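Structure record follows, encoded as structure tokens.
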Amino acid sequence: MNIAVNALLYSVGEDYRQTGISRYIDRLLANFGPLLDDDTCTAFVSAEAEPDWPGITVQQTSVAAGSPRQRIQWEHVRLPGRLRAGGFDLFHGPVNTIPLQPVRIKKVVTIHDLAFLRFPDQVTRKRWAYLKALIAHAAYHADAILVPSQATARDVQELLKRPARQIHVTPLGVDTHFTPAPVEQVASVRREYGLEKPYLLTVGTIEPRKNLARLIAAFAHLHADIEHDLVLVGPQGWLTDEIESAIKSSGIEDRIKRTGFVGDAGLVGLYSGADAVVVPSIYEGFGLPVLEAMACGAVVVTSNVSSLPEVAGDAAVLVDPLDDESIAAGILRALTDTELRTRLQAAAPARAATFTWQRTARQTVDVYRGVLT
């Protein structure tokens, strides 16, 4: 089979796309090579991208990585011509969309989540309209839909009215370099970000569904009982006014630290040095930070909704993300219950080890072969 993959959102910068979406594209293609046998795979990337994916033919486009307008135009105007001319058997859109123009080859799309339909007030109107039109089109016209969790599979069935036979769950993986960091590495990253006190950590794009306003409220409830700072790691996203307001009105602004985007090496040290990693999202299609934190041996507090219980299993403290007191109680338990901490620190890496990018790639290629059979 001759496969084409739209890898334009493989990111070379430090914006929000460098988080889960870019990682998914990168790790998927990096693990395809050994699975392709006599098959071929071509990945279309931005003008700046120069990835090293063994066994993959990389075609640079004229699209600037930081230009959504150029990317969207290329995906729906130029890409169809490339697909027709390239003799491809199958196209994979790994980030929610396939070309609007009809192309007479098999098509697979990955839908990462439907948060914008569950919580329309948490995205801009422009973003909601774009996602609604493009994802609905992709779901209807794709021969197979990949999703990272059973929770997202249920959402696709319910909200997009697609049949279960069309949907395939291919859970994400965790990179092998996410492992408990040595003391020296933790000390180095603490110095780099000025973290003198013990700290709680949360990782993710700064946007409403990460539920940071409630996390800050929960932290404010606890601040007199714990000595920790709260560290927010992640690039700036959208609709951040509520979060900024929560920080300013918390009364403990000096104990809330923001690092912006942090690369993998820094993340490993931050995860490993945190007394607890808190991911209280209202909704996640998968939740890579939970998996990465557990792989580093961190004690994790996360939400009891959407995909997060699937990822965490019994290796994390689960809380109600809509209840400040539940979040606060979960954090306090994670910090003070010695027996629980010992159990979670042992269980977390074992749980994370069951999620590999090799499995994600293998399951994806299996779907390709099934579609072409």
Identify, among Ala312, Val300, Val45, the residue whose Cα sits farthest towards the positive end of the charge dipole of the chain, taking +1 on the Cβ of Lys and Arg and -1 on the Cβ of Asp and Glu, with the dipole about the Cα centre.
Val45
Using just the helices of the chain, give the 222 nm mean residue ellipticity in deg cm²/dmol: DSSP H runs with n ≥ 4 each add -39,500 (n - 2.57), and the total is spread over all residues, rounded to 500.
-12000 deg cm²/dmol
Using a Gaussian network model on the chain with a 10 Å cutoff between Cα atoms, which of Leu195, Leu267, Leu232 fluctuates the most?
Leu195
Compute the angle between helix 212-222 and the longest alpha-carbon principal axis of the chain, please, reported from 0 to 90 degrees and rounded to the nearest 10.
20
Charge dipole (debye, nearest 20) of region 78-124; +1 at Cβ of Lys and Arg, -1 at Cβ of Asp and Glu:
340
To the nearest Å², the heavy-atom accessible area per residue of region 145-250 with 1.4 Å probe amounts to 45
In Å and whole numbers, how far do the C-alpha atoms of region 261-349 stretch along each principal axis, longest first?
33, 31, 21
Calculate the dipole size of region 56-166 relative to its Cα centre from +1 charges on Lys and Arg beta carbons and -1 charges on Asp and Glu beta carbons; express the result in debye to the nearest 20.
280
DSSP loop trypsin sites (Lys or Arg not before Pro) in region 38-138 with at most 10 other Cβ atoms within 10 Å of their Cβ, which ones?
Arg104
Starting from the Kirkwood Rh over alpha-carbon pairs, what translational D in µm² s⁻¹ does region 307-373 have by Stokes-Einstein at 20 °C and 1.002 mPa s?
148
Eigenvalues of the Cα gyration tensor times 5, then square-rooted: what semi-axes does that give for region 191-304, in whole angstrom, largest first?
19, 17, 14
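Given N residues in region 149-220, what is Rg(Cα) / (2.2 N^0.38 Å)?
It is 1.70.
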Of the GluC sites (Glu not before Pro) in region 139-246, which ones lie in a loop per DSSP and count no more than 13 other C-beta atoms within 10 Å?
Glu196, Glu227
Can you work out ³J(HN,Hα) from phi for every residue in region 160-171, in order, using Karplus 6.51 cos²θ - 1.76 cosθ + 1.60 and θ = phi - 60°, giving whole Hz and x for Gly and Pro?
10, 6, 9, x, 4, 5, 7, 9, 10, 8, 10, x
Roughly how compact is region 38-105, stated as its Cα Rg over 2.2 N^0.38 Å to two decimals?
1.11
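Any chance you could tell me what percent of the C-alpha pair distances in the chain go past 39 Å?
Pairs farther apart than 39 Å: 16 percent.
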At what distance in nm do the modelled label points of Ser249 and Asp52 sit from each other, each positioned 7 Å from its Cα along Cα→Cβ?
5.0
Can you compute the charge dipole magnitude of the chain about its Cα centre, using +1 on each Lys and Arg Cβ and -1 on each Asp and Glu Cβ, nothing else charged? Give it in debye, rounded to the nearest 20.
1440
Rg to Rh for region 1-126: what is it, with Cα atoms only and Rh by Kirkwood?
0.96
Carbon and sulfur %, accessible surface of region 227-373 computed with the full protein complex present, 1.4 Å
48
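The values are calculated or read from the model by the stated rules, or taken from the named source; none is laboratory data. Remember, it's a predicted structure, so these values are computed and weren't measured experimentally. Don't worry about glycine lacking a Cβ; one is built from the backbone with ideal geometry, like all the others, and counts go over all protein chains shown. These area figures cover heavy atoms from the full protein model, side chains too; ligands, DNA and RNA do not enter into them. Shrake-Rupley method; radii C 1.70, N 1.55, O 1.52, S 1.80 Å.
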